[in-house]
Amino acid sequence: MFAKTLFTVIILVSTTVVWASPDHLMIKKAMLVAPETAVNIDTIYKSNFADDVIECKVAVGHCDVLPTGDFVNLNFTGQDMSGKRICITNHILFYVSNLQGEEGNPAVISNCDGIGQITDTNKALWILNSQYVRVTGTGHSGYPLGLKLSGAHNTIDVSNGSSNIEIDHVDVRTSSDGNTGTGISIRSYPACEEGELKYTRPNFTQHDSIVRDSYIHDTINEGLYIGTSHHQQSEGAYTLDCDGDGNFEPTPQADLKGVVVENNILFNIGGDGIQVGAAVENAKIENNLVLGFGEVAGWPHIQGIEVNPGSKVDITYNWIETTTPESSGVGLSIQGAGGSRYINNVFIGMNKAIHGLRSTGPTDDPHFVWYNTFILSGESNAASIWCSDEVAVNQMDFANNIFINSTTPWADSQYGGTGCWQEAGQWLTDDINELGFENPFEQRIWPIKGSVLTGQGAITSPAITYDFFGDMRITNEPGAFAVK
């Protein structure tokens with residue numbers, strides 16, 4: 001689907017960014033037009049698929065473990081599964097525990113000889129207490145999304161101390177038979193196991209949680225749920241008495257380091273599109289498309305991207321869109337740590353652009369919300385920023401964003417006034433036609449020669465040299481796109 005990034009991009013550290021954007025208009029056609037004329041979803045993923053294929057054939061012994069039957073429950077305690085392959089064929093549920101690979105040589109769960117499929121009434125694929133594992137649908141060169149999973153709860157659920165998990169090229173949905181369900185969840189809540197308290201910080205850290213090149217769709221709740229939601233509570237959201245001595249112990253939720261959510265399509269998501277929490281280090285949400293979120297779950301699960309407490313994240317080159325503003329309330333929810341960067345993103349259709357609430361992180365390290373385009377429904381204010389005496393001034397740094405169709409000015413500060421944010425180069429309008437976009441009716445929402453936006457961006461330090469499409473910013477326009 002997406003062209004590969006040639007090298008790691010660190011915005012605000014390097015001013016040179018090279019990115020070949022996905023063709024969002026083609027992807028939208030694939031998702032939204034009549035099935036008989038739509039581009040097949042597999043076609044979108046084929047462009048760079050050859051680089052990922054790990055061809056699997058049963059006849060030549062590629063499967064180290066080949067489970068059969070509807071119900072699979074595998075426990076690999078004491079076994080070194082580094083580099084070995086567990087094959088999925090056609091099952092109703094698939095549980096894996098204590099699966100151990102090694103760094104650079106993970107255990108692999110994949111399809112083989114065609115599409116691997118799990119269709120369950122609870123969890124489809126449940127991975128517990130496992131490390132260095134890759135779940136991939138790349139086992140056959142003819143099927144870019146070679147694992148197709150459906151479950152009525154968390155379709156892929158990675159928990160109970162699991163770490164160093166990569167998931168790619170999977171087709172995930174939740175079953176319509178259930179009343180709950182997240183597409184992919186990767187997190188471990190504090191728990192009692194064998195009389196001991198486990199999975200709390202600082203004794204447990206979840207490393208390298210990666211979801212890429214996948215199609216997550218038609219979920220009841222969140223599309224992606226990575227990390228926990230209450231990292232800011234130093235003693236945790238609850239207490240546990242694991243040894244039964246009557247003393248309840250605090251349960252601070254674990255840190256995540258190395259979260260990557262990139263090159264995914266999420267479609268018709270019932271709750272939050274992408275939710276990341278407790279991601280304290282090396283986290284990014286990049287090059288994703290979310291079409292439709294907050295469709296079912298209702299408040300408060302109505303964010304396109306939600307950054308939960310504890311998280312310091314780079315969020316770049318994402319296209320987030322909804323056609324149901326009455327249920328899909330917020331494009332971007334900011335509740336994480338200072339130092340997060342939200343740059344070159346597009347948000348369309350929601351009734352509010354940003355909900356900002358500083359929950360965790362150093363008070364002298366602001367959020368950077370720069371060069372984003374928000375086209376709103378016209379049903380609410382552009383942003384609500386919750387300030388308080390506990391947060392230092394200028395903790396939300398807004399620069400060069402475009403807000404279209406908001407009913408009130410872009411910042412509606414609550415709880416203590418306007419002392420925690422600053423702005424420069426913002427552009428507000430209730431008339432998209434005045435901006436000089438190429439064709440806003442076809443969502444070709446970049447300014448062309450003669451646009452009133454030309455050169456109207458404020459100077460940032462450092463400069464953001466490239467735009468959403470990877471084109472050079474010559475005259476520095478607000479919004480995700482430079483003049484074309």
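Just a few scattered comments:
- Span from the segment 130-203 Cα centroid across to the segment 432-460 one, whole angstrom: 41
- Net lengthening on full extension, D52/E102 (0.36 nm per residue, minus Cα-Cα): 16.1 nm
- Ranked by how many other Cβ atoms sit within 10 Å of their own Cβ, fewest first, the residues Y371, Y238 fall in the order Y238, Y371.
- A simple charge model with +1 on the Cβ of Lys and Arg, -1 on the Cβ of Asp and Glu and nothing else charged puts the dipole of segment 39-164 at about 140 debye relative to its Cα centre.
- Relative contact order of the chain, defined on C-alpha pairs under 8 angstrom at six or more residues apart (%): 8
- HN-Hα J in Hz across segment 119-131 - Karplus 6.51, -1.76, 1.60, θ = phi - 60°, x for Gly and Pro: 10, 10, 9, 9, 7, 8, 10, 10, 10, 10, 6, 10, 9
- Unit charges on C-beta of K, R, D, E only; dipole of the chain, Debye: 960
- Computed over the chain, the quotient of the alpha carbon radius of gyration and 2.2 N^0.38 Å is 0.97.
- Computed on the Cα atoms alone, the convex hull of segment 35-85 gives a volume of 172 cubic angstrom per residue.
- The order of K198, K352, going from fewest to most other C-beta atoms within 10 Å of their C-beta, is K198, K352.
- Ranking of M396, M472 by neighbouring Cβ atoms within 10 Å, starting from the fewest: M472, M396.
- Highest mean first, the peptides 443-454, 222-233, 44-55 sorted by other C-beta atoms within 10 Å per residue fall in the order 222-233, 443-454, 44-55.
Any read-out appearing in this document is the output of simple, stated calculations on the displayed coordinates, not a laboratory observation. This one's a predicted model, so the numbers in the text were calculated from it and none came from an experiment. Neighbour counts are summed over all protein chains in view; Cβ atoms, including those assigned to glycine, are modelled from backbone coordinates with ideal geometry.
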